[in-house]
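Peer 1: This is the structure I have questions about; it appears just below.
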Amino acid sequence: MPHSVSNASTGLQALILCGPGSSFPTFTSNPDENPKALLPIANRPMVWYPIDLCYRTGVSKITLICPPSAAKAMKAAMGTNPHLTTLPMPRPEILCPADLTQTAGTAEILRLPEIRSLITGDFLVLPCDLVCEFGAEQLLQAWMVKAASATDLLGARGFSNGSRSRHSGGIGVWYETKNNVTVKGEETDFVAATALPESATTPPKGSILANVSQVVFTMPTDALNDHMEDRKALALRHGLLRANPRIRMLTTHRDAHIYIFPHWILDFIQANERFESIGEDVVGWWAKASWQEGLAEKLKILGSCKGNICDDLESNTDSDPGVADPPGATAAGDASSKASRSASESVPPMIAYLHSAKTQEAGSIIRRVDTAQLLLAISLQLAKLPSVEEAGADAASPFAHPRKVAYPEGVKPRTTITKADSLIAENVTVEEKTSIKECVIGAGCQIQEGAKLSQCLLMDGVVVGKGCKLTKCILGKRSVIGDGSILTDCEVQENLLVEPRTEDKDNKLMSSEGLEATEAEMEEVLGHTDDGMDTA
């Protein structure tokens, strides 16, 4: 259950986008029955983690967005999964827009009429595959200080922010992928940022303000590499360098897809029908509009803010009466350039918290878990967290489990389990002469005599036969591994029966029609296990 919090309500709404999980083909081949959001990370459903983040931040109005075809599975999980049924009140709601498909882009989701009618103010957007340990209340504070506008927050249309935009901006999070848990081939995003104006006061201890910058350019690293390949160079506009002489460019960070957006962003997306992705299109073009002349008008940003463009320009021009026109300039000759310059200056800022493992306390985790490799790596990383029993309720991580071995009665003598880096769920039975090192084992699993497991993730109901040797494997729900099998770096689909003495490496073991385990075969294996337990 998420930690109880005393945070006052922030007034924000939270949308958790539950995508199809196309990057998990072994485990979400049927995304309607097995949505990615319900895959287990360290024995908790994936969607539990962003829900927990919302509660810890003080956001209690949470809506899970999923396609109608996945509604049945999501609602069933919310009503039966013990980690989701024990969530604090008010419980998250599930919204299934009629036109939402498994292939819809994230920006397209925010364009749907059901979503637009749901959101009534500033809001938080998160992916369902996010594991974030650091307190997002710090992110909220940074947004309030650096990007939120008193004009919008107070509803005072005539309120002046001086030279700042009269409308609230947004904030996102980019995290360093090259840290203590590095996964080969993990996606990254190119992000260019410039320093924000220095504050007159020193940020308080523990604040993230020192790591907050304004985003001026961002795109997926793969797309950047394609552009560089075509042009044989990194092409940058002169306008970017003129507007931002000092730019910090990062290539090993990744967009966490945590955003706090003002309400007007919905109109911005509606006005630009070509936008498909929040990260690449919405944030990318918004960042460019802060310095590229004329782009704000083309994208209709100022109009989306529901402010009068002429009034905005007049307000910003008059805010500093000491500024004079360049010598020899004519009113007609400079009208368009002044308008473009003023418009870009009044574009609400899109800022970023650039998370770095070097600047955070030990144990601070933030990661997207959208591939099988990351699912295994992050599950094993979370398994190393001290349990609540070991660390105490006050010192334990919000992701700590009550105990490392939830059902010690199921573990027979003469077994080896490294509790410091393993996690064993409820109703797991472990026979004698077994070895479990750095593993996460889901509820109801059966590990038979002589099996040796190292760096493995077992989902609920898995049966591992006698004498098996499994290394760096992910086993889907209710899969059965035949006696004497040796698997290394393999993924096994749910309900799959792996024949005894199978040897395989670096493979995805998936069923073809007619080869999946039948109910009779499952009962035979389970009956054989029960007989062995009776005679022990």
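Peer 1: So how exposed is Leu95, as accessible area in Å² (1.4 Å probe, rounded to 10)?
Peer 2: Looks like 40 Å² after rounding.
Peer 1: Run the quick spin-label model on Glu389 and Tyr407: label points 7 Å from Cα toward the beta carbon, then report their separation in nm to one decimal.
Peer 2: 1.5
Peer 1: Treat the stretch 369-500 as a sphere of radius equal to its Kirkwood radius over Cα pairs and apply Stokes-Einstein at 10 °C in a medium of 1.306 mPa s; give the translational diffusion coefficient in µm²/s, rounded to a whole number. Write out the running numbers ahead of the final one.
Peer 2: On the way: Rh = 14.6 Å.
Taking Rh from Cα pairs, D becomes 109 µm²/s.
Peer 1: Counting only other residues whose beta carbon sits under 13 Å from that of Asp99, what net charge do I get with K and R as +1, D and E as -1?
Peer 2: Result for the neighbourhood of Asp99: 0.
Peer 1: Another question, if that's okay. Can you give the accessible area of Val215 in Å² (nearest 10), computed on protein heavy atoms with a 1.4 Å probe?
Peer 2: Approximately 0 Å² for this residue.
Peer 1: List, in the order given, every pair from Lys72/Lys469; Lys146/Lys384; Lys412/Lys505; Lys437/Lys466; Lys412/Lys469 whose Cα-Cα distance in the structure shown is over 25 Å.
Peer 2: In this structure, Lys72/Lys469; Lys146/Lys384; Lys412/Lys505 lie more than 25 Å apart at Cα.
Peer 1: Let me ask something additional. Put one equal scatterer on each alpha carbon of the stretch 425-471, apply the Debye formula with no solvent term, and list log10 I(q)/I(0) at q = 0.13, 0.14 1/Å to two decimals.
Peer 2: One equal scatterer on each Cα of the stretch 425-471 leads to -0.21, -0.25.
The values are calculated or read from the model by the stated rules, or taken from the named source; none is laboratory data. Owing to the predicted nature of the structure, the values given are computational and were not obtained by experimental measurement. A quick note on method: Cβ atoms are made from the backbone with ideal geometry, for glycine too, and the neighbour counts reach across all protein chains shown. Quick note on the areas: whole protein, heavy atoms, side chains included, nothing else; ligands and nucleic acids left out. Shrake-Rupley method; radii C 1.70, N 1.55, O 1.52, S 1.80 Å.
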